[in-house]
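*Asks:* One structure, as structure tokens, below. Some questions next.
The values are calculated or read from the model by the stated rules, or taken from the named source; none is laboratory data. As the structure is a prediction and not an experimental result, all values here were calculated from the model. Every residue, glycine among them, receives a Cβ derived from its backbone with ideal geometry; neighbour counts consider all protein chains shown. Quick note on the areas: whole protein, heavy atoms, side chains included, nothing else; ligands and nucleic acids left out. Shrake-Rupley method; radii C 1.70, N 1.55, O 1.52, S 1.80 Å.
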Amino acid sequence: KKRLHFVVDVSGSMYRFNGQDRRLERLLEAMLLVLESVPSGAGASPSSSSSLEYAVTGHSGDSPDITFLDWDDAKPTNEAERYQVLEQMVAHSQYCLSGDHTCAALDLAVQQAAAGKDEREEAFVFLISDANFERYGITPKKIASILEKEPKVHAHLILLASFGSEAQEIKQMLGDKVSICMTTNELPKVFESLLGASVGSEL
């Protein structure tokens, strides 16, 4: 069994700076790629034949745990249903409070992945975000400590935008725990490299 938890940044900065560098659009494209690639039956019911389960949560100044698709929710099966999920992300980023819960959201996802894991499961956590960390006093060292907190959980940070060289500096310090995707066509390559060998033909 493979459990994939996608944690998306739906903070106000994603909406506010989208006109500058399309960061929110890239987030939506990344999640559309996920929703189209993961089998629609994954995790929809205990009797599902798929070996994949996935959930999508978000974080903003409002909360570190905003549910868009829970583990047991029926997953989108067509364009209209996928659009509804993406629309919720846009609406939240447009009207949420300012602030940041990146570390709390990542820590919660990693802890939940570790707690729900048995020997037959492989757990993945993907935090998809911009690199707006320094403003909130979040250091690469702090992020690294959470990414590496549970050795049995594959945790990874995907950065879609940056102020100055912040994303590159984080990448230099965290190495292969971080991927930078400043253009949409880089996203499939990143997911393929992170999931391909383990998840294989299910995607």
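*Asks:* Evaluate the distance, in nm, between pseudo-label points positioned 7 Å from the Cα of ASN185 and of SER37 along their respective Cα→Cβ axes.
*Replies:* Using points 7 Å along Cα→Cβ, the separation is 1.7 nm.
*Asks:* Same structure again: Just check the stretch 67-203 against the gyration tensor rule for me: Cα atoms, a ≥ b ≥ c as the square roots of the eigenvalues, rounded for a/c under 1.5, and otherwise prolate or oblate depending on whether a/b exceeds b/c.
*Replies:* Here the stretch 67-203 falls in the rounded category.
*Asks:* Moving on. Using the heavy atoms of the protein chains and a 1.4 angstrom probe, tell me the accessible area per residue for the stretch 73-203 in square angstrom.
*Replies:* 53
*Asks:* A further question follows. Only bridges with both residues in the chain count here: give the DSSP antiparallel percent, nearest 5. Write down the numbers at each step before the final one.
*Replies:* Details: 3 of 28 bridges.
That works out to approximately 10 percent antiparallel.
*Asks:* Sorted by accessible area with a 1.4 angstrom probe, largest first, how do ARG22, ARG120, ARG3, ARG135 fall?
*Replies:* ARG120, ARG135, ARG22, ARG3
*Asks:* Using only the heavy atoms of the protein chains and a 1.4 Å probe, how would CYS181, CYS103 rank by accessible area, largest first? Show your work: numbers first, answer last.
*Replies:* Details: CYS181 0, CYS103 25 Å².
Most to least solvent-accessible, the answer reads CYS103, CYS181.
*Asks:* Among all lysine pairs in the chain that are eight or more places apart or on different chains, how many have alpha carbons less than 20 angstrom apart?
*Replies:* 23
*Asks:* Could you give the length gained by full extension between GLN172 and SER51, i.e. 0.36 nm per residue of separation minus their alpha carbon distance, to one decimal place?
*Replies:* Contour length minus Cα-Cα distance gives 40.1 nm.
*Asks:* Over the stretch 77-203, with every protein chain in place, what whole percent of the accessible area is carbon and sulfur at 1.4 Å, could you tell me?
*Replies:* Here carbon and sulfur together make up 50 percent of the probe-accessible area.
*Asks:* Using only the heavy atoms of the protein chains and a 1.4 Å probe, how would THR57, THR184, THR77 rank by accessible area, largest first?
*Replies:* From most exposed to least exposed: THR77, THR184, THR57.
*Asks:* Taking the Cα centre of the stretch 48-162 as the origin and placing charges on Cβ (Lys, Arg +1; Asp, Glu -1), which of ALA55, ILE138, THR102 is farthest toward the positive end of the dipole?
*Replies:* ILE138
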